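K.L.:
I'd like to ask you about the structure that follows.
The values are calculated or read from the model by the stated rules, or taken from the named source; none is laboratory data. Not measured: the values here are computed from a predicted model. For neighbour counting, all protein chains shown are included, and Cβ atoms are generated from backbone atoms with ideal geometry for every residue, glycine included. To get the accessible areas, we keep the full protein, side chains included, count just its heavy atoms, and leave off ligands, DNA and RNA. Shrake-Rupley method; radii C 1.70, N 1.55, O 1.52, S 1.80 Å.
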Amino acid sequence: MQWYFVAALLTVLTSSQGILTTLSQSNGEYKYDYATVPFLAEVFKLAVSSLLLWNECQKSPLPKMTTEWKTVALFPIPSVIYLIHNNVQFATLTYVDTSTYQIMGNLKIVTTGVLFRMFLGRRLSNLQWMAIVLLAVGTTTSQVRGCGETSCESLFSAPIQGYMLGVLSACLSALAGIYTEFLMKKNNDSLYWQNIQLYTFGTLFNMARLLVDDFRGGFENGPWWQRIFNGYTITTWLVVLNLGSTGLLVSWLMKHADNIVKVYSTSMAMLLTMLLSLFLFNFKPTLQLFLGIIICMMSLHMYFAPPNMLLDMPLTVKPDEEKLIEVSVDRRPHS
């Protein structure tokens, strides 16, 4: 399976994620406990990975599966990073508004490139660095509204704590992705075996979150396992299926491609969501949106296109011309 096919599928699924989540609301609010969605998505990913691993084990030779505790103990770390990241997100939103937070979230594009170089040792060309910066600029441009509006002015009026937490959030998000790629490529273990380890801990952490929410609420609505499917509709199940499927695609990209491909997929998904919203939710197009799309497309071409398509290569000199050059050099007066 080619990575660009998986990346394109991830873009489509990610773009539909926000739309499905919006459609799952009833009168502008959720009738179900939204915290159960990530938990069920983790269970779905764990079940699919287990089934695929079982199918792989029926073939010969058997897939490689490292069971050493030192290796298995590395897999809870991404869940811990995401847990810290989620708390930092809530803390950031106490200092900045939603639109400012979304714009600051584009920093993770650049921080991913930096950590990609620092921790994985992957070198990027100057053109690729320029492409990554252009991607961040393009996604930010598409989100900025008219500069006479309040939301634009609020971007520069937040407390310094908000900006510091925003940068920390971007770094944590990038670090989780980089560390996951490191785990996936650390050895030649079966992807499905690695997924099982990753999603087992993800399921446990999400279960712990549901329990903590129950304790904080004093079990007012009963334990989470008794109301886990309350308010669920077909659209809600599509949200769970979508979230689980995107997670499986991301893990495939981490194993067979890299974080930069994932970043481009999710960034293009955001722009695709905006375009789809024009038809589904009467979203009004802006000049910034179209400029952002153009910049992102330029970035996409700069990063993935072969160098000979981006640079004018020097013309090859014909043998006859070489002789003329030699003659002209010999005829120069000697001092």
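K.L.:
Write down the radius of gyration of the chain and its Dmax, each obtained from C-alpha positions, in Å.
P.N.:
Cα-based Rg and Dmax for the chain come out at 24.6, 99 Å.
K.L.:
Just grab the label-to-label distance for L62 and N27, each label 7 Å out from Cα along the Cβ direction, in nm (one decimal).
P.N.:
The two pseudo-label positions are separated by 5.7 nm.
K.L.:
Can you send over the carbon and sulfur percentage of the accessible area for segment 3-310, probe radius 1.4 Å, protein chains only? Walk me through the numbers before you get to the answer.
P.N.:
Working: 10870 of 16370 Å².
Roughly 66 percent, rounded to a whole number.
K.L.:
OK, next. Between T235 and A305, 0.36 nm times their residue separation minus their Cα-Cα distance comes to what?
P.N.:
Working: separation 70, 0.36 × 70 = 25.20 nm, distance 3.84 nm.
That pair, T235 and A305, stretches by 21.4 nm at full extension.
K.L.:
So, one more: Where does each of L165, L183 land when they are ordered by accessible area, with a 1.4 Å probe and the largest first?
P.N.:
Values: L165 40, L183 5 Å².
Highest to lowest solvent-accessible surface, that is L165, L183.
K.L.:
Could you work out how much longer the chain between R216 and W54 gets when fully extended? Use 0.36 nm per residue separation minus the Cα distance between them, nm to one decimal.
P.N.:
Values: separation 162, 0.36 × 162 = 58.32 nm, distance 3.93 nm.
Net length gain for the segment: 54.4 nm.
K.L.:
Oh, and also: Where only protein heavy atoms count, and the probe is 1.4 Å, what is the accessible area per residue for the chain in Å²? Don't jump to the answer; show the numbers that get you there.
P.N.:
Working: 19540 Å² over 335 residues.
So the chain comes to 58 Å² accessible per residue, rounded to a whole number.
K.L.:
So, one more: Report the residue, chosen from M184, M298, M118, that carries the largest GNM mean-square fluctuation when the chain is represented by alpha-carbon nodes joined by springs under 10 Å.
P.N.:
Checking each option, the largest mean-square fluctuation is seen for M118.
K.L.:
While we're here: Quick one: go through segment 17-61 and flag any residue whose amide nitrogen is under 14 Å from the point 7 Å out along the Cα-to-Cβ line of N86.
P.N.:
Flagged as within label range: 33-43.
K.L.:
Shifting gears a bit: Using 7 Å Cα-to-Cβ label points, what is the W69/W129 separation (nm, one decimal)?
P.N.:
Reported label-point gap for W69 and W129 is 4.4 nm.
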